[in-house]
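Since the structure comes first, as structure tokens, the remarks are kept for the end.
What follows is calculated from the coordinates using simple rules that are stated; it is not laboratory data. This is a predicted model, so every value here is computed, not measured. With ideal geometry, Cβ positions are generated from the backbone for all residues, glycine too; neighbour counts draw on all protein chains shown.
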Amino acid sequence: MSQWLTLFKKEVLEMWRNFKWIWVPITFILLGVSEPLTSYYMKDILDSLGGLPEGAVIDIPLPTAGVVLASGLSQYSTIGVLIIVLGTMGVIAGERKSGVAAMILVKPVSYFSYVTSKWAGALLLVWVSLFIGYLSTWYYTGQLFDWVPIGEFFQTYVLYGLWLTVVLTVTVFFSASLLAPGMAGFISLALTLIVSIISGVLSHLLEWSPSQLTSYASVLLTAGELPDATLPASLLAIFIIAVLLWVSVVIFKKKELAS
């Protein structure tokens, strides 16, 4: 355990030196505050643009707080996913390519500790950044519209965090499997996009898909209750995370021993 904690602390410190602990949370905050501010001041924005016929009146009804918060969350399933993939695609592949991984593994360091400590460090960054960004969305939504119950805030935060954890684990898997960080990122993004599209189109057949967790969170914010498939989808997401993480360790070990 002491070995794992040492590697975990090293990973957290490395992300601090790379300024990930600064730019990732800031980006999530900007994503978080943009939706409530844009929704509230949309009429003023359109008025300032001009170009409307004389006497035309812009009448845009204000959306509900749940709709605004759900729209803000959707930013994290698009731009947020892109940030996570770009920020973690080289977490293992980059060190393998530069030879740093071989230098670390020469010491009595287990492959399991190496891979999982990197995954856990990135996971901490994702969950902290998501919390800070989503909290800013919730706060500005409450100030400008109405307050969403704190219980719904935390439930939707966990659902989105679980889906982003799946995305992160997929990226770590390809980072451990491939030597090129760019290829690992590209495949991770493509796979995430394909799964999201298929799950959206065939939502009635793929109710247990982990990507549906984002839509279930939106349902809770807009309708006030979670769909019945939320728990099975969450359990499947946890299962996929565990399997991918284990396979990542196995593949990484084989590739390192082969080289």
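To test your reading of the geometry: what angle, between 0 and 90 degrees and rounded to tens, separates the Cα axis of helix 111-144 from the longest principal axis of the chain? With both axes taken from Cα atoms, the answer is about 10 degrees.
Helix 79-88 and the longest principal axis of the Cα set of the chain meet at an angle near 20°.
Can you match Cα extents along the principal axes in Å to one of these, [x] 46, 41, 38; [y] 75, 40, 32; [z] 45, 43, 35, based on a calculation from the structure here? Recomputing Cα extents along the principal axes in Å here picks out [y].
When you filter the chymotrypsin sites (Phe, Trp or Tyr not before Pro) in segment 133-223 for DSSP loop state and at most 16 other Cβ atoms inside 10 Å of their Cβ, you are left with TRP147, TRP208. Length gained on full extension, LEU235 to TRP147, computed as 0.36 nm times the residue gap minus the Cα-Cα distance: 28.7 nm. From helices alone, the chain scores -26000 deg cm²/dmol at 222 nm; the rule is -39500 (n - 2.57) for each run of n ≥ 4 DSSP H residues, then divide by the residue total.
Cβ crowding within 10 Å, taken as a proxy for footprinting-reagent exposure, orders VAL85, VAL249 from fewest neighbours to most as VAL249, VAL85. Arranged from fewest to most other beta-carbon atoms within 10 Å of their beta carbon, TRP23, TRP4 become TRP23, TRP4.
Helix 150-177 and the long axis of the chain differ in direction by around 40°, with both axes built from C-alpha atoms.
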